[in-house]
Each structure stands twice: as C-alpha cells, then as structure tokens.
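Rule-based calculations on the coordinates, nothing more; no lab input. From a predicted model like this one, the values you see are computed outputs, not experimental measurements. In this analysis, Cβ positions are derived from the backbone assuming ideal geometry, glycine residues included, and neighbour counts consider all displayed protein chains.
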Amino acid sequence: MIILFLVILLIVLAGVAVLWASRLPGSVLINLGPETTVELKLVVAILAVLLLGAAMAVIWGALTGLLKMPSKFTKSREASKTRHANKALADGLLAAEAGDVNAARRYANKASKHAEDERLKLLLEARTAEISDDWSGAERAWGQLARLPGGQLAGLKGAATAATERGDIVAAETRAREALDMRADAEWPFNALFDSQVAREHWREALETLAIGEKRGTIKGDSLRRRRAVLYTALACSLPNAERRDAQKLLADAIKAAPTFPPAAYHGARHLMLDGKLKAAQGVIELGWKANPHPALAHLCRRLDPNDTPKTQIARLEALAATNPDARESRILKAEISMADRSWMNAIRILAQLVEENPTARLCLLLEQALRGYGDEAEANRWGRMAVTASREPEWSDIDPKGTAFDYSRRDWARLVYAFGDAGNLVHPRYEAYGRELEAGRHIALPPPQRRTTPTPTPPSEPPAPIKPRATEAARAISSPPLDYARADDDD
C-alpha cells in the first residue's frame, strides 16, 4: 500500500513538473550540420533527456545482470547445497535420538560435505557414534567439538560421558575438571566430577569438589551438610589407627555438619571411649540421640564403661532417654531400663503399646523376656513364636551379633553419600543381605526358669510332698560385657 502511494505521488509530481516546464519560455536548437537545425521546445527537450537517461539505465542494468549471472548461479547452487546439508543435519540428529543407526550414518555422510556449521557436523558424528556404541569415535568427535568456539562445554560433557563408558575414569575426571575450571553456570561438571570421585572412594578429593560446589552455589542447604557429614565419617573410618587424632577431628566435623547422622555420633563416641574420654563420649552419644535416636547409640552407651555398676549404667541410660523422651527408641530404652530394674509390669505396658503400633521381631523378643521375667511362661512362649515370623527392624540390623554397629564397606559409604546426603535416609546392608543381627534384650538378666519335675510315685498312704518354688537370683540391673560379647558358637 505504501509503495502504491509513493508511485502515485511520483506520477503527480512528474505531471506538475511537466506543466511547469511547458510554461517556460525558450527553445533548444540542435545543429545537425551546416544546413540542418532542429528546434525543440524546452519541455520536449527535458523529456527527451529524461527518457534517454532511463533507457541507458535499463540497458546498463541488463548488461550488469548478464555479467553477474554466473556468480549468482554459483551462490544459488551453494545455498541449495547448504540447505540440503542443514536438513541432513537435522534429520540425522533426529535419527540418532530415535536410535536409527543406519539413517544417522547416511545423513552424517551427506551433511559432512556441505555442512555450513562445523559444530553441527561434529555433533551429529558424535551422537551417531554413541548410538553405535563406538565410544572411542564419540570421544574423538566430542573432543574436536570442544576445541571450537561455543562448543567447549558441550564437547567436554560428551567426551567425559564417552570416557566413562569406555571405563577410563581418569580421562572422564580430567574432562569434568576442565569444564569445572571454566566457571560456567552448568551443574554437570560438578556432578560428574563428584560422582566419579565418590564411585572411586576418593573421599578427600570429593570433599574438595564439594567445597567448590558450595562456593559456586551448585549445592547448598541440608544436602550439602549431610553429604559432607558422610564424607567426613567415611574418611575417618578409612584412616589407620596411627591417625586416630585426625579421625576424631573429622568425626567432630561430621557431627557438627549433620548431628542427625547416627554413624558419625557412634564412631565419634567410640573413638573417645577407646581413648578413655568417657564423659566426652557420653556427651557425643546424647547429642546424636537428641538429633536422631538409633539403637546403636543406646547399645554403645550401655557398654561405655566396663567398670560401671548396674546402678550407674541405669542412670546413664535414663539420662540418654531423657534427651529425647518421646522418640520410639527412647520408649524402648525405658522398657529395657524397667526390665533391668525388675519393673516387669511397667516394661510390659510400654512394650504392649509399641507392639500395637508395629509388632517387629525385636519388640516381640523384648516382650517375651518381660513376660518371662514376670512369670507368665505361656504368654512369653507365644510372643517368642510370634517373633519368628515378625518383620525385622532395619535400624536394629545395623548392629551385628558381636555388638559392633555401622561396619560399612567402602561401597556402602558411597551409597550413603546420596541416600543420606540427598534424602536423609540410612542404608542397611545387613538388613538387605538378611544378615544376622544382635539378639534383642540379650544384655538383660532374667530370673532362672523353674524346672518342671515329674513327681515320684508314692504309696497311697503318704500324701505327695508339695513342690516349693525355687528362689530367684538376686536382681541384677544390666549385665553386658564391654565390647565383643558374642560367643564363638553364635554362628552355629
């Protein structure tokens, strides 16, 4: 519409100019020879000059177009090839994502000759090699892409993945570290390097990478603190006995980072106990119990000092339960304390409430012992039979038959980095492998059972002698050896 308006305006202006020129006086004489003279009006001369200029412009444009036609034809042909190459790149990438290896290779060969962007060509080549399981070729293509402007980060990521698939963890870590040094906003360099270090059980290097991620804001909050606590604890447990002081410092840092991580509190208190720092060990156990009660902490607290009297042991356990009185483990601990103090009815009442909530094998065994101590043998036997088919407690399975807890392998520690670090959950290898666990209530001393004797036949004239009940043993509060108290015949 605008162009039409401009054309009409131009015609109007030309008409006005012609009218104006027609009113001008004078004429133009053109001498064609000694006797030939042509006289033209001024307006006719002006129009003739304009028409001649227009004709010359048209002729010049035509000649110029003819001269440029070969180059235009060449450019047009190259543009057509480029369009086809770009289409081949797009089709090849789609075929690679779809898993069509033959189509991806065909399109890659077609695009390699006339691809306009070398990066797209290398991208298609790398993806085709990946779906063909040619990880060496994929790593080579990704490496070439990493050297081109704008393709560094993508190339390093692909090369790291390909190196991992080849099994070259060192090369994968090198690529991830190069990408991490670029200080880009992408999260994959941190995740790739950290995951590789954890998989290789390099706890110290993983802690350094975690610090870099914290500085750049890649990881933060509870996930950061919990991962750090697991790595500190794993590193401390891997140190030899000669470096116990360094291990204690690492465990203290782990507890500070995440008090809710029971293995850190357990191993930290155990190191202090072996060094004779019983009061400090008790404080660490209570700190861990207050944050996240675990039966392993109560078990360690029970055998903290082999020279304790039963009264001192009970006082220590009561103080531990008081730090988190409403927790399930605290209620179980109160029941065990009542059993040790021969308050059988109180123990039965507490355990009955717990069994109604979740009747596990551990609770069934404790209730059996409480009922047996109370003297109800029939009911105790019934709960003992129920314990055989009741479900196990994953947390209780963390304690082996000798009383040692959280005896994780390096692979288990690697799993904990993510299980506890990201979700706050522990792993229970003994529970998963159906391993034997500590017998619930084994430390509690029960009255000896009454022996049933068959009465000797007596003559009818003599009345049978009444059977007198046996006197029970003197009450002992808690009986537990200090460390490894599982007998050698326990594995039978």
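What does the convex hull of the Cα atoms come to per residue for segment 190-313, in Å³?
Residue-normalised Cα hull volume stands at 102 Å³.
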Seminar exercise, completed: The ³J(HN,Hα) series, computed from each phi in segment 376-384 with the Karplus coefficients 6.51, -1.76 and 1.60 at θ = phi - 60°, rounded to the nearest Hz and given as x for glycine or proline, is 8, 5, 5, 5, 5, 5, 5, 6, x
For this session: Within the set of other residues whose C-beta is less than 15 Å from the C-beta of ARG228, count the net charge using Lys and Arg as +1 and Asp and Glu as -1.
Result: +2
Problem set entry | Label-point gap, in nm, between VAL170 and ARG392 - each point 7 angstrom along Cα→Cβ | 4.1
For this session: With the cut-off at 13 Å, report for segment 295-370 the share of all Cα pairs above it, as a whole percent.
Result: 65
Exercise. Using 1/(1 + (r/R0)^6) with R0 = 60 angstrom and r between the beta carbons of LEU19 and MET69, what's the FRET efficiency to the nearest 0.05?
Worked result: 0.90
Exercise. What is the projected area of the convex hull of the Cα atoms of segment 339-436, averaged over all directions, in nm²?
Worked result: 7.5
Problem set entry | Under Karplus coefficients 6.51, -1.76 and 1.60, residue-wise ³J(HN,Hα) of segment 224-240 in Hz, glycine/proline x | 5, 5, 5, 4, 5, 5, 5, 5, 4, 5, 4, 5, 5, 6, 8, 6, x
Problem set entry | segment 266-331: projected area of the alpha-carbon convex hull, averaged over directions, in nm² | 3.9
Exercise. What is the P(r) of segment 162-214, as percent of Cα-Cα pairs per 10 Å bin from 0?
Worked result: 27, 58, 15, 0
Problem set entry | Under the Karplus curve 6.51 cos²θ - 1.76 cosθ + 1.60, θ = phi - 60°, whole-Hz ³J(HN,Hα) for segment 242-247, x wherever Gly or Pro sits | 5, 9, 5, 5, 5, 5
